[in-house]
Each structure stands twice: as structure tokens, then as C-alpha cells.
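Only one structure is covered here, and it is reproduced in the block below.
The numbers here are math on the coordinates, done by the rules we state, and not lab data. Keep in mind that what you see is a predicted model, and the values were worked out from it rather than measured. Because the Cβ atoms are built from the backbone with ideal geometry, glycine has one as well, and the counts that use them run over all protein chains shown.
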Amino acid sequence: MRTFTTRLLPLAALACAAMPLQAQEHAHAHAHGHEHPQPAEEGAPVASAELPGPDRAQALLFDAARLNRLDLVDGLVKLGADLDATNEQGFTPLILAAYAGHGEMVSALVEAGADPCKPGDARGNTALMGVAFRGHDAIASQLIATGCDIDATNAMGQTALMMAAMFGRERQIDLLLAAGADAGVVDLQGNTAASVALAQGNEAVAAMVGTPQAK
């Protein structure tokens, strides 16, 4: 883990209205809608300011995860940010990074101690379920490799395999099945991965995960 002293410069800059994150996010969102900005350059002059307290550090960690600011993770954790805390939407920093397609950030958070299996939002979706929606195949592979329960379910009884089948993510289906995902799991509405795929008119995906009947 990188030393805390090497993180003081960017953290102090963030304490001054968090310009490297907030202004960066606002400008890019204005120009590109939902896309995420690239990391701001470091090395700007730092005005005298107090470093952020734990609550502010937590908010900045959520921003850093969304914006792929790898340089800030260690320092923010040392300032009291919780790697497994959830924001107002119920998302952990790792879920935010996974949804945004930031594989390096996902790895950095896991290495720092974040729980890749922790569900988020009101539906209890995990990061692995989220990347099925977003189509981030490489990150799905990363998350599977962490050893989380491959058949974990959300509040609706849905698995990551069901999500991948719903959105036609064939590469992720291959990865999940290779990791031992059970295509016969039935959700609270009586659906299997195959029946979910058929409901979307995707017979090819339904064939990949078997018949729609429950085991």
C-alpha cells in the first residue's frame, strides 16, 4: 500500500472544495451526459487547508471510485473512509467502480480490503449482477475470481446468471457457468435464467443456460 505522506498533496487539494473531483465530474457530465471523466492532473498548487475528516473522506471515496482516481484510495482510507460503506443509493465504492467499468479501481479496492460480495441498493444487487446490466465482461471475470457465492441472490431471488441471461451477456454466461453457476435457480416470480432469456426473445441465450423449467 502506498505511503500516506505521498497522498497528502492531492488530499489537501481535495479539501479545497474537492476541485479535482467535483469540477471534473461536473464539466464532463455537462459535455458527455453519463460518461465518466478522466482523472485530473496532479501537482496543482495547494492552498492551506485542513485535510478532510472521516465523513468528507467517505464522500470523496465514492467520487474517487466513480472517477477512477486510484491515487486517492489509500489516503482517503487512512483518513477514515470505510471501503464497504454505502452511499444514499446503497452503493459501495466497489459497486460504483464496477458499474463505471473501472477494472483497475475494482482491483485497488479489493486489494485495500473492500468486500466484493457485499450487495447494494434496495434490490440487494451485487457488483457482479450490476456488471451484467452494464456489459463489463472483464470486470465480471475479476469479480468471479474473488470467490463470492456465484449463486448469491438479490431481494427478488435473482442471480448474476439470471441478470446475464436477461441482458444477453453471452461471455458472462460462459464465465458464470464455468465457475459453477446453477442455471436451475428459481427467483421469487418463478423464473429461471432460461425463462428470463426467453421472455426477452433470446432463444440462443436460453439454450446456453438450459430449459426454463426449475430443477
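Taking the stretch 57-159 on its own, what percent of its Cα-Cα pair distances exceed 15 Å? If you can, show how the numbers build up before the last one.
Details: 2936 of 5253 pairs.
For the stretch 57-159, the fraction of Cα-Cα distances above 15 Å is 56 percent.
What net charge is computed for the residues neighbouring Met208, neighbours being all others with C-beta under 9 Å from the C-beta of Met208, Lys and Arg scored +1, Asp and Glu -1?
Working: positive: none; negative: Glu170, Asp174.
Result for the neighbourhood of Met208: -2.
Quick one: putting +1 on the C-beta of Lys and Arg, -1 on the C-beta of Asp and Glu, what dipole do you get for the stretch 119-215 around its Cα centre, in Debye to the nearest 20?
On the way: 5 positive and 9 negative charges, 23 e Å.
Around 100 debye, computed over the stretch 119-215.
Considering only the other residues whose Cβ falls under 13 Å of the Cβ of Phe133, what net charge follows from Lys and Arg at +1 and Asp and Glu at -1? Don't skip to the answer; put the middle values down first.
Values: positive: Arg123, Arg134, Arg169; negative: Asp121, Asp137.
It works out to a net charge of +1.
If you add up the charges near Arg56, with Lys and Arg at +1 and Asp and Glu at -1, over every other residue whose beta carbon is less than 14 angstrom from its beta carbon, what do you get?
On the way: positive: Lys78; negative: Glu50, Asp55, Asp63, Asp82.
Value of the local net charge: -3.
Where the centre of each part is set by its Cα atoms, how far does the stretch 147-171 sit from the stretch 176-206, in angstrom?
8
Could you tell me how far the Cα centroid of the stretch 115-141 sits from the Cα centroid of the stretch 69-99, in Å?
If we compute the Cα centre of each part, the gap is 15 Å.
For the stretch 119-215, what size does the Cα cloud have along each of its three principal axes, sorted from largest down, in whole Å?
Sorted from largest, the Cα extents of the stretch 119-215 read 30, 26, 22 Å.
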